[in-house]
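Some notes on the structure that comes next.
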Amino acid sequence: MPAPSSRGSRLDTLVREIRDALRIPAEGRSEQPGRQVSDVLAAHLRHDDLLTDEQLAADQAAYRQHVLHIEPDGTFSVVALVWLPGQHTPIHDHVCWCVIGIYRGAEEEIRYQLVDEDGSPHLVPADVTANHTGTVTYLSPPGDIHEVRSATDGLTVSLHVYGADVGRLGTSIRRCYDLPVRPPHAALGAVQRPARP
Ligand SMILES: [Fe+2]
């Protein structure tokens, strides 16, 4: 159930540019699938006319997903996630590559490693990143287990481009991980935090 944008809108332009970027062959580079979408998305994040008020609407109960576009052949989808303060995802991974751009506010992303060396599977935090308005991140399975949470006192909105048909799947989430979280092993060191200037 794609929600098509109005003809000629900035969102239409973004979708067209994503489509074109995905058609460009990698020409022998070892570029990860969908990675070329990052620059396309970044160019639109600081424009206030990208989303309508309806597409920015939040939900008091949980972070909200607005499906903005589903490519007819199912090769990619564009989704907005809207967060109120304190809202967060479960710990999860994905069925496909994803490019994430912050449109409003800020998100904190915690990446995890799944450890099952002693028959008691658990998660270990591996990295914490604060992503602010205008920044773009990329993830690609496997090894993409993470949790995302709002990191501001106001509205946070992120744009997600998925390499899959989210309309058919309902979500890009492959699996949620309801496992114990243990501190990093000494060999891994402490959780890394973004460098401070
Ligand atoms: Fe995710």
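The values are calculated or read from the model by the stated rules, or taken from the named source; none is laboratory data. None of the values given here were measured: they were computed from a predicted structure. Counting neighbours? That spans all protein chains shown, and the Cβs are built from the backbone with ideal geometry, glycine included.
Quick notes on this structure:
- First in segment 49-72 and touching a residue at least 12 places away in the same chain (Cβ under 8 Å), second anywhere and aromatic (Phe, Trp, Tyr) and assigned to a strand (DSSP E or B), Cβ under 6 Å, 6 or more apart: TYR63/TRP83
- Selection of strands (runs of 3 or more DSSP E) fully inside segment 62-155 by the criterion of at least 3 residues being closer than 20 Å to PRO184 by Cβ and within 15 Å of the ligand (Cβ to nearest atom) returns 106-115, 122-132, 146-150.
- Identity of the residue in segment 112-156, at pLDDT below 95 and of a type in the set (D, E, K, R), that ends up nearest to the chain's Cα centre (by Cα): ASP144
- Flag if VAL40 is of a type outside the set (Phe, Trp, Tyr), within 22 Å of ARG174 (Cβ to Cβ) and either modelled with pLDDT of 95 or more or outside any loop (DSSP other than H, G, I, E, B) (or both): no
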